[in-house]
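To keep things clear, I will list the structure first and then write my remarks on it.
What follows draws every value from the coordinates through simple rules; no lab data is involved. Just so we're clear, the structure is a prediction, and the values are computed from it rather than from any experiment. FYI the Cβ positions are ideal-geometry reconstructions off the backbone, even for glycines, and counts take in every protein chain you see.
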Amino acid sequence: AAAGAPQGSLAFPSDFLWGCATAAYQIEGAVNADGRGQTNWDVFSHTPGKVANGDTGDVACDSYNRYQDDIALLKALGVKAYRFSIAWSRIFPNGRGKPNAKGLDYYNRLVDGLLAAGITPHVTMFHWDLPHALPGGWQNRDTAHAFADYAGYTAGKLGDRVNHFMTLNELRCFTDLSYMTGGKAPGLKLPMKEVNQVRHHGVLAHGLGVQAIRAATKSGTQVGIADNPNIYVPAIETPEHIEAVKKAVREENAMFLTAIMEGRYIDSYLTAQGKDAPVVKDGDMKLIGAPLDFLSVNVYTGNTVRADETAPSGYKILPHPGQAPRMPSPWLYVTPEVIYWGMRAIAENWKPKGLYISENGCSADDKVADDGKVYDTDRVMYLRNYLTHLQRATREGIPVKGYFVWSLMDNFEWEDGYTKLFGIHHVDFKTQKRTPKLSADWYRELVRTNRLV
Ligand code: GBH
């Protein structure tokens with residue numbers, strides 16, 4: 001049994017950290033308040049046809065003004081940690097240059113409020129809301145340097161009270177989905193040579209950011225990243241298929257997490273990209289591969305992998321069966337085992353010092369009942385199943401130290417606007433009233449007892 005685990009087969013370790021997660025553009029609103037600069041997502045969401053219903057983050061959950069309400073929700077849940085992100089353009093409205101003290105003050109108030117409520121802040125420095133003033137966005141290598149300057153400055157201001165910083169959220173989303181397939185801001189569909197360069201600037205921003213945050217904070221500050229590597233479930237639980245999952249996790253994330261964990265681009269990636277491989281400067285890979293204090297992983301879904309000797313890679317990724325269960329977000333196949341197999345493959349490949357689940361959750365078929373409550377039994381089922389498999393990981397000694405539900409409350413779901421909602425609290429976007437769903441009641445009980453029943 002894992003050290004510190006109490007008796008009982010479905011108990012979590014006694015020091016397991018339970019939390020909830022959000023991100024700045026998805027909850028804050030107040031997009032013109034106190035000198036905040038415009039971001040890529042302001043521009044994108046105001047471009048007709050880009051976001052469902054023409055929804056925007058202009059108001060969202062109005063957390064810029066109602067953060068005390070959010071803290072009260074966290075307190076009522078009994079969670080010990082809150083993961084939120086900082087809006088770069090509140091601190092540096094133009095992405096660089098002169099800092100904006102009023103923007104920083106918001107995060108000072110939030111951090112102080114959390115600490116007063118006994119809740120530990122886990123801070124993400126970038127969750128996709130890029131200052132629009134930065135020329136070329138992530139196509140420009142300078143953006144990685146601007147990010148490091150912003151991250152270092154901000155960590156320096158908060159680091160007396162914040163001990164956990166994540167550089168970036170989900171490399172694949174603000175690179176591939178933003179510059180290759182184009183569903184996310186800025187909505188470009190570039191050729192592979194340029195996509196690989198964007199990816200490189202993403203991992204470089206992480207590496208430079210780690211260096212800057214460490215230089216600006218006290219020793220012992222924990223620095224990591226929140227990524228969403230592709231993770232997989234073995235076709236059947238035999239050694240060859242389990243090994244195939246481990247291999248697939250390393251290969252399929254070659255341009256992102258593998259580069260960060262190993263400090264190099266593995267040969268199979270460079271060979272496959274050929275002349276489209278990114279331009280890498282001397283010293284880049286050393287920065288990118290700097291050892292981390294922890295690794296956070298956002299877990300939603302994963303395909304099945306099987307060993308296949310006839311495939312050049314030694315494995316094949318199977319498509320999801322047509323009738324596989326899904327939540328309302330069309331990409332969200334319900335694959336609870338992936339949280340176990342994914343963490344196991346990551347732990348075996350790279351032996352990170354500590355792992356967190358920085359996001360897990362789902363959209364659901366939420367309906368407000370006559371009594372004003374949302375009985376989201378489907379979300380409870382989803383969470384219960386994923387957490388059962390996460391408990392297995394902790395039981396087997398995989399070093400998962402904490403878990404953050406995505407999300408504390410309904411919010412702006414990127415290109416899906418407000419048509420897909422992930423909260424364990426319902427938000428009435430007319431009145432901004434927050435109401436616990438059944439899933440919040442369920443999570444409160446899990447946090448209280450520290451075990452699945
Ligand atoms: C996370 O991303 C985000 O960090 C968070 O902000 C978000 O609200 C939450 O999850 C729920 O979506 O264009 O068909 O390839 C989740 C990971 C991975 C979800 C890519 C959408 C692909 C859609 N995302 N995915 S597709």
field: the stretch 7-88 - Kirkwood radius from inverse mean 1/r over Cα pairs (Å)
entry: 15.0
query: So how much slack lies between Lys433 and Asn94, counting 0.36 nm per residue of separation and subtracting their Cα-Cα distance, in nm?
result: 118.7 nm
- prompt: ³J(HN,Hα) across the stretch 356-371 via Karplus (A = 6.51, B = -1.76, C = 1.60, θ = phi - 60°), whole Hz, x for Gly/Pro?
  reply: 10, 8, 7, 7, 7, x, 7, 6, 8, 8, 6, 9, 7, 6, 4, 7
statement: Taking placed amide H atoms and a strict 5 Å upper bound, the residues 5 or more places from Tyr315 or on another chain that come that close are Asp308
field: Antiparallel bridges, percent of DSSP beta bridges restricted to the stretch 248-382 (to nearest 5)
entry: 60
message: Looking only at the chain, where both bridge partners belong to it, what percent of the DSSP beta bridges are antiparallel (to the nearest 5)?
response: 25
- request: Rounded to the nearest Å, what's the spacing between the alpha carbon centres of the stretch 165-199 and the stretch 217-233? Just the number, please.
  value: 19
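Hand me the trypsin sites (Lys or Arg not before Pro) from the stretch 362-427 located in a DSSP loop with no more than 16 other Cβ atoms within 10 Å, in residue order please.
Sparse-neighbourhood loop trypsin sites (Lys or Arg not before Pro): Lys367, Lys373.
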- request: Run the quick spin-label model on Lys193 and Gln68: label points 7 Å from Cα toward the beta carbon, then report their separation in nm to one decimal.
  value: 5.7
Whole-Hz couplings from phi, Karplus 6.51/-1.76/1.60, listed for the stretch 300-317; x for Gly and Pro: 10, 7, x, 7, 8, 10, 10, 5, 8, 5, 7, 7, x, 7, x, 8, 10, 9
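Rounded, prolate or oblate: pick one for the stretch 292-364, where a ≥ b ≥ c are the square roots of the eigenvalues of its C-alpha gyration tensor, a/c under 1.5 means rounded, and failing that, prolate if a/b is larger than b/c, else oblate.
Note, shape of the stretch 292-364 comes out oblate.
Hey, with R₀ at 35 Å, roughly what FRET efficiency would Ser9 and Thr377 work out to, going by the Cβ-Cβ distance, to 0.05?
The pair Ser9/Thr377 has a calculated efficiency of 0.90.
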query: Distances over 31 Å make up what percent of all Cα-Cα pairs in the chain?
result: 38
query: Where both partners of a DSSP beta bridge lie in the stretch 294-359, what percent of those bridges are antiparallel, to the nearest 5?
result: 55
- line: Per the Cα gyration tensor, the stretch 257-314 corresponds to an equivalent ellipsoid with semi-axes, largest first in Å, of 24, 20, 10
message: With 10 angstrom as the radius, rank His145, His241 by how many other C-beta atoms surround their C-beta, starting from the fewest.
response: His145, His241
- line: The answer for the net charge of residues other than His200 whose Cβ lies under 9 angstrom from its Cβ, with Lys and Arg +1 and Asp and Glu -1, is +1
field: Within straight-line cross-link reach of Lys420, lysines at Cα separation under 20 Å, skipping those fewer than 8 residues along the same chain
entry: Lys50, Lys184, Lys367, Lys373, Lys430, Lys433, Lys437
query: Based solely on its DSSP helices, what 222 nm [θ] is calculated for the chain when runs of n ≥ 4 H residues each add -39,500 (n - 2.57) and the sum is averaged over all residues, nearest 500 deg cm²/dmol?
result: -11500 deg cm²/dmol
message: Explain nothing, just the number: relative contact order of the stretch 215-372, from Cα pairs under 8 Å at least 6 residues apart, as a whole percent.
response: 30
field: Estimated Rh, the stretch 12-145: Kirkwood, alpha-carbon pairs, angstrom
entry: 15.8
message: For the stretch 280-433, what does the relative contact order come out to in percent, with C-alpha contacts under 8 Å and a separation of six or more?
response: 22
field: Label-point gap, in nm, between Ala33 and Lys353 - each point 7 angstrom along Cα→Cβ
entry: 3.5
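Can you tell me the relative contact order of the chain? Whole percent, Cα pairs under 8 Å, sequence separation 6 or more.
Computed value for the chain: 18 percent relative contact order.
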Label-point separation in nm, Thr47 to Arg448, each point 7 Å along Cα→Cβ: 4.8
query: How many angstrom separate the Cα center of the stretch 83-158 from the Cα center of the stretch 379-453?
result: 25
- line: Ordered by fewest other Cβ atoms within 10 Å, a rough proxy for footprinting exposure, Val334, Val279, Val203 read Val279, Val334, Val203
